[in-house]
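First up is the structure itself, then whatever we jot down about it.
The values are calculated or read from the model by the stated rules, or taken from the named source; none is laboratory data. Just so it is clear, the model here is predicted, and its values are computed rather than measured. Backbone-built Cβ (ideal geometry, glycine too); neighbour counts: all protein chains shown.
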Amino acid sequence: MRVSQLFTKTSKTLPADETSKNAQLLIQAGYIYKVMAGVYAFTPLGLRVLENIKQIVREEMNAISGQELIMSSLQKRSTWEETGRWDDEVVDIWFKSKLKDGTDVGFGWSHEEAIIEMMKQYITSYKDLPVNVYQFQTKLRNELRAKAGIMRGREFVMKDMYSCSINAEQHDKFYNDCIEAYKRVYDRLGIGDDTYVTFASGGAFTQFSHEFQTVCEAGEDIIYLGKNKEGKTVAVNEEVLDDKTLADLGLKREELEKVKSAEVGNIFNFGTQKSEDTDFTFTNEKGERQFVHLGSYGIGVTRVMGVIVEKFADEKGIVWPEAVAPATVYLTRLGTTPEVVQAAEDLYKELTSGGVSVLYDDRDEARAGEKFADADLMGIPYRVVISDKTMANNTLEIKARTSDTAEHISRPELMQKLAA
RNA sequence: CAGGGUGUGGCGCAGUUGGUAGCGCGCAGCGUUCGGGACGCUGAGGUCGGAGGUUCAAGUCCUCUCACCCUGACCA
């Protein structure tokens, strides 16, 4: 990817109509474009980040037997009437419209009912279970008020997974596998150390659900961190914090640490409640009809992107963890002499064909300061400089985004370092 | 939804007691520069969010309306 060909541009000034750090920086650096309040488009740069996050999630979901699919955004009324959730009094964030002939349609704010309806057609026997399906889907929610940039929009991308199990044991196995898979996801995304499996309000079948909360000043939730008797850190959402919860979890109120956090994932055990509501059954070995055990598992893909910006950004701009960065290297060419241009082009090709993703600043008109500032603002993990100076020494200069000092190394050393 | 704030070239802003709009950045051209957002000259670009109204005259005053931001409420 060449900077000269990016249609987005960085800006020297922050957008005036955003106050959240994530939206300000993502807009300033050209990752997202604001369409309206709570609605953002993702530019080629932003899309790369989004796809990187999705790919990590995808790999981990596939590893626990998740099967990817994609549902529709348009949903029919009857899908939701069975569970009473078509009603605006029950779900107040519906976007709804009508077909030309007057038929009601809703825009998917969730796909629980829709997926179950589909699964009912295919799952009829114990031999069909378990099945775990997931999708990356744009959720549309008519929130009263959008805020915090891409951390809470009216349109956002979510990975939602649903498990269909034969019984509680099978369900619990997958549920726990999913907790571990989620931990791996957040580790790979670079926020594992600050992300806690948090006890939150459960439903009819469980005392708690589990949320994945990332410590983040811009978050909307408050969680409490404490150590249980085994010395293990336990996180509890404020919404369920009472004496009974503390006793159940073996925590002491006076030892808790209160932090702001953002909910980046949520997993939920429905038991058979939802299948009873929707009459989702299968036939067991004895020929008896039984309700399917259901679970749902979400990861806020766009929200995670916002959280990463919020957590790692510094005074110079965004700092992407390598795994999600739109490119690993910001190749900065200083100077326009034929020799430097040729050397930079060669290096660009060599890095790219070596599997290193490169954002190549090939602009003739931009001076050094501007290129450096853009590299920092965009948050690319490594900046590699090639110039008359480096060529005279027969070296290249490499600097990590988070470091203040640059290193001068040879071209083979560079290739070795980045390929590793 | 309640309360508060803001809408003026692409972006960030100024605009006095009403007199038909300026600045910085960016953009285009030319020249000088060239390792942390350079400098000079020239130039393009605005029905002042929208609709009514008051007035000889409205960016400025009045009414309505739309959008954006903040706080709260809401967030299965």
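Below are the figures for this structure:
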quantity: Count of residues meeting criterion [part of a helix (DSSP H, G or I) and aliphatic (A, V, I, L, M)] in segment A:177-205; calculated: 3
quantity: Residue list for segment A:313-349, filter: surrounded by fewer than 19 Cβ atoms within 10 Å (Cβ to Cβ) and touching a Lys or Arg at 6+ places or on another chain (Cβ under 8 Å); calculated: A:323, A:340, A:341
quantity: Scan of segment A:62-109 for residues that are out of contact with any Gly (no Cβ under 9 Å at 6 or more places or on another chain), within 14 Å of RNA strand B (Cβ to nearest atom) and polar (S, T, N, Q), ordered by number; calculated: A:83
quantity: Residues (among the polar types (S, T, N, Q) and either surrounded by fewer than 16 Cβ atoms within 10 Å (Cβ to Cβ) or under 29 Å from the mean Cα position of the chain (by Cα) (or both)) located in segment A:273-289; calculated: A:273, A:275, A:283, A:284
quantity: Where a residue in segment A:4-20 is among the aliphatic types (A, V, I, L, M) and its partner, wherever it lies, is within 11 Å of RNA strand B (Cβ to nearest atom) and modelled with pLDDT of 90 or more, with Cβ under 6 Å and at least six apart; calculated: A:14/A:24; A:14/A:28
quantity: Residue, surrounded by the most Cβ atoms within 10 Å (Cβ to Cβ), within segment A:126-143, restricted to residues that are within 11 Å of RNA strand B (Cβ to nearest atom) and in contact (Cβ under 8 Å) with a residue 40 or more places away in the chain; calculated: A:141
quantity: Candidate set from segment A:218-251 (those that are acidic (Asp, Glu) and part of a helix (DSSP H, G or I)); member that is farthest from RNA strand B (Cβ to nearest atom); calculated: A:243
quantity: For residue A:86: the one exception among (1) aromatic (Phe, Trp, Tyr); (2) surrounded by fewer than 20 Cβ atoms within 10 Å (Cβ to Cβ); (3) in contact with a Lys or Arg (Cβ under 6 Å, 6 or more places away or on another chain); calculated: (2)
quantity: Strands (runs of 3 or more DSSP E) contained in segment A:66-123 and holding at least 1 residues in contact with a helix residue (DSSP H, G or I) (Cβ under 9 Å, 6 or more places away or on another chain), within 15 Å of residue A:280 (Cα to Cα) and touching a residue at least 60 places away in the same chain (Cβ under 8 Å); calculated: none
quantity: Residue list for segment A:376-389, filter: more than 7 Å from RNA strand B (Cβ to nearest atom) and within 24 Å of the chain's Cα centre (by Cα); calculated: A:378, A:379, A:380, A:381, A:382
quantity: Test set (1) more than 30 Å from residue A:8 (Cα to Cα); (2) touching a Phe, Trp or Tyr at 6+ places or on another chain (Cβ under 9 Å) - residue A:63 fails condition number; calculated: (2)
quantity: Hey, residue A:361 at pLDDT 95 or above, within 30 Å of residue A:219 (Cβ to Cβ), surrounded by 22 or more Cβ atoms within 10 Å (Cβ to Cβ) and not aliphatic (A, V, I, L, M) or not; calculated: no
quantity: In segment A:30-64, residue surrounded by the fewest Cβ atoms within 10 Å (Cβ to Cβ) [restricted to those that are touching an Asp or Glu at 6+ places or on another chain (Cβ under 8 Å) and modelled with pLDDT of 95 or more]; calculated: A:62
quantity: Which listed residue is small (Gly, Ala, Ser) and in contact with a Gly (Cβ under 9 Å, 6 or more places away or on another chain), from A:419, A:343, A:406, A:400; calculated: A:419
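Each row is one residue, and each column tells you yes or no for (1) closer than 17 Å to residue A:401 by Cβ; (2) over 32 Å from the mean Cα position of the chain (by Cα); (3) away from RNA strand B (no atom under 11 Å from the Cβ); (4) hydroxyl-bearing (Ser, Thr, Tyr).
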{"site": "A:333", "(1), (2), (3), (4)": "no, yes, no, no"}
{"site": "A:343", "(1), (2), (3), (4)": "no, yes, yes, no"}
{"site": "A:349", "(1), (2), (3), (4)": "no, no, yes, no"}
{"site": "A:366", "(1), (2), (3), (4)": "no, yes, no, no"}
